[in-house]
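Let me begin by presenting the structure, written as structure tokens, before commenting on it.
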Amino acid sequence: MEKERKTVLLALAWHLEKLTQGIADYARAHNWHLLIHRGGELREILRRWRGNGIISSFWNAYTDSATEEVLAARSWDATRMVSLVPIRNPRIPCRVVREDDYAIGTLAAEYFLGTGHRNYAVYSDSVRMTGFRDRLRRSGFACCDLSPYRAAEREEAELLGWLRELPKPCAVFCENDWDAAELLNTAFWGKIAVTDELAILGVGNDELVCMAASVSLSSVDSRLYELGQLAAAELDKLIDGTEAPEGALFLKPEPLVVERRSTDFYAVENPELIRMIEYFRNHACEPFSVAEAARRFHTSESALYKLFVRNLKISPKQFVLEQRLRNACSYLKMERAWPMEEVARRAGFPTACAMFSTFQKRFGTSPGNWRKNSRSNINL
């Protein structure tokens, strides 16, 4: 006799591709019928839903009292629920499966401490920021708070003014990649140099968001795909009759930050060198000539060489090559398997062979093998 197909509602407050994909893949593998609802009015759907289960991250369901009453009053005899956000009403029976926000904040602080920063700020007020502040405090550092200036509440001009007043260079931790991208955009229009004045770190590793800005965004990988899989598996157990244990189930983040250019920090004070570094980073994907760079900054080739070697222990040509390697690694880490010729072109290498040769010399392996082992201990 064929097993009855489970019918599950996925109600999301925001679109997180990896999270949705993790749930959808689990549903497909276990022959669920999955209905995806995003945005809009949720109350009537929750009131009338008679399927086997619900996975929800709909914030209004937990902050809006009317929606909360709908959840609390409905019959749960035949339906089970997993929530990806906190539940405050004890009359709503469900299993809470969440990212470990405190651990995410702690990891972000430890990452920035390892880069040598001395000034810090947060762009939110949440459990993640608490973990960030607590870890900094244990190392003797204070933290500025940007949360009152979030664009949803204040004008962008006020946010820009706050960014300009921060002690520089400053490491800024954001609640998610979208908030971090917003800061990058504000810094761009305000002509604040990222990363020489600001180093910005997001959460979620949304590749579309992280790679869209002119300065690619570093991010804590909070394992959203695995979170989706875990939430679906927990709901499956509840539907099959397992009692939901007390307390939330927390998923730890990946132990390494996915590094891109927004946190590529060099502790230099020479303003002319800072301008050169920013220019070379932004134009590393273009043909490079030391002579042309020297002319652009009204200096000689030998003076340019000495300035870089004295302050960075690396020549201008080597610096640009390192940027191209970083660009290539960012593309190789993406879920989309770019052809090597396209990776080389986007990263700034003249040919795929040139990129292959550089990888062999730098890492002792090919770009293809590096991609397969992109979570290795290679440290850029």
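Where a number appears in this text, it was derived from the coordinates with a stated rule and is not lab data. Quantities reported herein were computed from a predicted structural model and do not represent experimental measurements. Note that we place each Cβ from the backbone using ideal geometry, even for glycine, and neighbour counts take in every protein chain shown.
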Neighbour-count order for Met129, Met211, fewest beta carbons within 10 angstrom listed first: Met211, Met129
Report, ordered by chain and residue number, the lysines lying within cross-link reach of Lys191, taken as a straight Cα distance under 18 Å and ignoring same-chain residues fewer than 8 apart. Lys168
State the answer as a single residue: which of Met211, Gln360, Ala109 lies farthest towards the positive end of the charge dipole of the chain, with beta carbon charges of +1 for Lys and Arg and -1 for Asp and Glu, about the Cα centre. Gln360
Would you check the stretch 271-372 for Lys pairs whose C-alpha atoms are within less than 25 Å, ignoring same-chain pairs closer than 8 in sequence, and give me the count? 8
Rounded to the angstrom and largest first, Cα extents along the principal axes for the stretch 271-372 equal 42, 22, 22
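Just from its helices, what would the mean residue ellipticity at 222 nm be for the chain, if runs of 4 or more DSSP H residues each count -39500 (n - 2.57) and the sum is divided by every residue, rounded to the nearest 500 deg cm²/dmol?
Result for the chain, helices only: -14000 deg cm²/dmol.
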With a cut-off of 8 Å between alpha carbons and a minimum separation of six or more residues, what is the relative contact order of the chain in percent? 14 percent
Take Phe288, Phe132 and order them by how many other Cβ atoms sit within 10 Å, fewest up front. Phe288, Phe132
Hey, fewest Cβ within 10 Å first, where do Phe250, Phe319, Phe349 land in order? Phe250, Phe319, Phe349
Within straight-line cross-link reach of Lys237, lysines at Cα separation under 30 Å, skipping those fewer than 8 residues along the same chain: Lys3, Lys6, Lys18, Lys252
Relative contact order (%) - criterion: Cα under 8 Å, at least six apart; region: the stretch 271-372: 23 percent
Debye, to nearest 20: dipole size of the chain, +1 on Lys, Arg Cβ, -1 on Asp, Glu Cβ: 1060 debye
Only one of the listed values, (i) 30.8, 124; (ii) 20.6, 60; (iii) 23.9, 82, was derived from the coordinates as Rg and Dmax of the Cα atoms in Å; which label is it? (iii)
